[in-house]
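S.K.: I'd like to ask you about the structure that follows.
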Amino acid sequence: NEAAVHLAQLKPKSLLITTRDEVKCKQAKADIETRSGMTGIESWPLELTSFDSVRSFVNNFEAKGCTVDALIANAGVFTRNYAKTSDGYETT
């Protein structure tokens, strides 16, 4: 949340955060708004290992006429166990 808090403190016109878990996304939004003083942050679920989730996100993003001025992507997992997404792609 630290990068999002810093960005929110700069008072951008809009700020959109995503996580794969909707409950955690709403919690992160509340934390960022409390710590930064910015209100109106949007939080949308986005599971990058699911094409359906990505398509839904993009459709919503386009329907609302959103634009991207800056993007911070932060994700990573290290595992020794072989795993696949629900779409059949390897995640290891």
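All of the numbers you see were taken from the coordinates with simple rules; none came from a lab. No experiment lies behind these values; they were computed from the predicted model shown. Neighbour counts are summed over all protein chains in view; Cβ atoms, including those assigned to glycine, are modelled from backbone coordinates with ideal geometry.
S.K.: Six or more apart or on different chains, Cβ atoms under 8 Å: show the pairs whose first residue is in segment 26-39 and closer than 13 Å to Leu15 by Cα and whose second is β-branched (Val, Ile, Thr) and outside any helix (DSSP H, G or I).
M.R.: Ala28/Ile17; Ala28/Thr19; Lys29/Ile17; Lys29/Ile41; Ile32/Ile17; Ile32/Ile41; Glu33/Thr39; Glu33/Ile41
S.K.: Next question. So for segment 20-36 (the condition being farther than 18 Å from His6 by Cβ and either touching a His at 6+ places or on another chain (Cβ under 8 Å) or of a type in the set (Phe, Trp, Tyr) (or both)), does at least one residue qualify?
M.R.: No; the residues of segment 20-36 include none that is farther than 18 Å from His6 by Cβ and either touching a His at 6+ places or on another chain (Cβ under 8 Å) or of a type in the set (Phe, Trp, Tyr) (or both).
S.K.: Same structure again: Restricting attention to segment 21-77, which residues are among the charged types (D, E, K, R), assigned to a helix (DSSP H, G or I) and more than 27 Å from Thr91 (Cβ to Cβ)?
M.R.: Hits for segment 21-77 are Asp31, Glu33, Arg35.
Yes or no, residue by residue, for (1) under 30 Å from Leu10 (Cα atoms); (2) in contact (Cβ under 8 Å) with a residue 40 or more places away in the chain:
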site	(1), (2)
Val54	yes, no
Gly65	yes, no
Asn74	yes, yes
Thr79	no, no
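S.K.: Follow-up question, since we're still on this one. Give the number of residues within segment 11-20 that are in a loop (DSSP other than H, G, I, E, B) and either of a type in the set (Ser, Thr, Tyr) or within 13 Å of Ile72 (Cβ to Cβ) (or both).
M.R.: 3
S.K.: Based on what the data block shows, is Asp21 loosely packed, with under 11 Cβ neighbours inside 10 Å and acidic (Asp, Glu)?
M.R.: no
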